[in-house]
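First up is the structure itself, then whatever we jot down about it.
The values are calculated or read from the model by the stated rules, or taken from the named source; none is laboratory data. Remember, predicted model here, so these are calculated numbers, not experimental data. Glycine gets a Cβ as well: all are built from the backbone with ideal geometry, and neighbour counts include every protein chain shown.
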Amino acid sequence: RARLAVLISGSGSNLQALIDDSQRADAPFEIGLVISNRADAAGLERAGRAGIPTQTLSHRGFETRAAYDTALAELLAAQAPDLIALAGFMRILTPGFVEQWQGRMLNIHPSLLPNYRGLHTHARVLEAGDPWHGATVHFVTAELDGGPAILQARVPVLADDDPARLAARVLAEEHRIYPLAVRWFAEGRLVLGSDHRAWFDEQPLSAPV
Ligand code: GAR
């Protein structure tokens, strides 16, 4: 089975969706490590309950982003995962780190990219009066929230929505699409092409990782 490392900063509900999926008998991946940049992230308890090793690497005490990312790279090197999944990891990664993992690092973002990169997506969608909102799983590249999209789920924006209600509706979809994309990668059916697009192969072309 492919080995996954998950990076979190908070509640970890996407981590939970990945844990739940990894525990199904047919799961092609397992989670070998969860890293949080915050010691109080509730997701660390979710990992602990599932018996998954955790590490906290606080960003405090690091003078530069590059220094933090070097320490992060060392933690990851010890486990040598096949894939990194960012799951509510609220830090911008340096281009050097991203390049090291290019094609092997996924993120989930709460908007229909390329719309609404960055933060506060739900409030911004409501403010704009958009009829649709959603979530995107994408490969991580050096451009923030700009990497090639793999899978998107959309939800309608309802007349009585507030950011919290809308966020909950989007989050439920995140929990469906993120494990699916991770499965595809683990099965060797998902690759970041040299043309900078995400390709899905119905049959694995290469041996599964
Ligand atoms: C999720 O909605 C995720 O898409 C978002 O943070 C939330 C984390 O929730 N990520 C970003 O905004 C990344 N820029 P979770 O901790 O319950 O998975």
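Restricting to segment 55-74, name every residue that is under 16 Å from Leu4 (Cα atoms) and either surrounded by fewer than 13 Cβ atoms within 10 Å (Cβ to Cβ) or not small (Gly, Ala, Ser) (or both). Walk me through how you get there before you give the answer.
Going through segment 55-74, the residues under 16 Å from Leu4 (Cα atoms) turn out to be 55, 72-74.
Hits for segment 55-74 are Gln55, Leu72, Glu74.
Taking Ala85 as the residue in question, decide whether it is touching a helix residue (DSSP H, G or I) at 6+ places or on another chain (Cβ under 7 Å), touching a residue at least 60 places away in the same chain (Cβ under 8 Å) and either away from the ligand (no atom under 16 Å from the Cβ) or farther than 23 Å from Glu143 by Cα (or both). Even if it seems obvious, please write down each step before you answer.
On the way: touching a helix residue (DSSP H, G or I) at 6+ places or on another chain (Cβ under 7 Å): yes; touching a residue at least 60 places away in the same chain (Cβ under 8 Å): yes; either away from the ligand (no atom under 16 Å from the Cβ) or farther than 23 Å from Glu143 by Cα (or both): no.
Criteria not met by Ala85.
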Cβ pairs under 6 Å, 6+ apart or interchain, first in segment 1-12 and near the ligand (Cβ under 10 Å from one of its atoms), second of a type in the set (Ser, Thr, Tyr), ordered by first then second residue, are Ile8/Ser36
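Quick test for you: out of Pro156, Pro163, pick the one residue that is in contact with a Phe, Trp or Tyr (Cβ under 8 Å, 6 or more places away or on another chain), surrounded by fewer than 17 Cβ atoms within 10 Å (Cβ to Cβ) and modelled with pLDDT of 95 or more.
Values: Pro163 fails: in contact with a Phe, Trp or Tyr (Cβ under 8 Å, 6 or more places away or on another chain).
Step by step, each of Pro156, Pro163 is checked, and only Pro156 is in contact with a Phe, Trp or Tyr (Cβ under 8 Å, 6 or more places away or on another chain), surrounded by fewer than 17 Cβ atoms within 10 Å (Cβ to Cβ) and modelled with pLDDT of 95 or more.
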Only unsatisfied item for Glu173, checking (1) in contact (Cβ under 8 Å) with a residue 40 or more places away in the chain; (2) part of a helix (DSSP H, G or I); (3) within 22 Å of Asn14 (Cα to Cα), is (1)
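Kindly indicate which of Arg189, Arg183 is without any contact (Cβ under 8 Å) to a residue 40 or more places away in the chain, crowded, with 18+ Cβ neighbours inside 10 Å and of a type in the set (D, E, K, R). Steps first, please.
Working: Arg183 fails: without any contact (Cβ under 8 Å) to a residue 40 or more places away in the chain.
That would be Arg189, the only listed residue that is without any contact (Cβ under 8 Å) to a residue 40 or more places away in the chain, crowded, with 18+ Cβ neighbours inside 10 Å and of a type in the set (D, E, K, R).
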State whether the residues of segment 89-97 include one that is surrounded by fewer than 17 Cβ atoms within 10 Å (Cβ to Cβ), in contact (Cβ under 8 Å) with a residue 24 or more places away in the chain and part of a helix (DSSP H, G or I). yes
Pairing a residue in segment 41-54 that is over 15 Å from Ala5 (Cβ atoms) with any residue that is at pLDDT below 95 and away from the ligand (no atom under 14 Å from the Cβ), where Cβ atoms lie under 6 Å and the two sit 6 or more apart in sequence or on different chains, gives none
Based on this model, can you work out whether Arg38 counts as charged (D, E, K, R) and in contact with a helix residue (DSSP H, G or I) (Cβ under 8 Å, 6 or more places away or on another chain)? no
Counting only residues that are near the ligand (Cβ under 9 Å from one of its atoms) and among the aliphatic types (A, V, I, L, M), segment 13-44 contains a total of 4
Might you check whether a residue that is surrounded by 15 or more Cβ atoms within 10 Å (Cβ to Cβ), among the charged types (D, E, K, R), within 16 Å of the ligand (Cβ to nearest atom) and more than 18 Å from the chain's Cα centre (by Cα) occurs anywhere in segment 136-152?
no
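If you take the residues of segment 168-180 that are within 22 Å of Val140 (Cβ to Cβ) and of a type in the set (A, V, I, L, M), which of them is surrounded by the most Cβ atoms within 10 Å (Cβ to Cβ)? I'd like the intermediate steps shown before the answer.
Going residue by residue through segment 168-180, those that are within 22 Å of Val140 (Cβ to Cβ) are 170-171, 173-180.
Filter once more, keeping what is of a type in the set (A, V, I, L, M): 170-171, 177, 180.
Working: Val170: 23, Leu171: 19, Ile177: 20, Leu180: 15.
Per the stated criteria, the residue is Val170.
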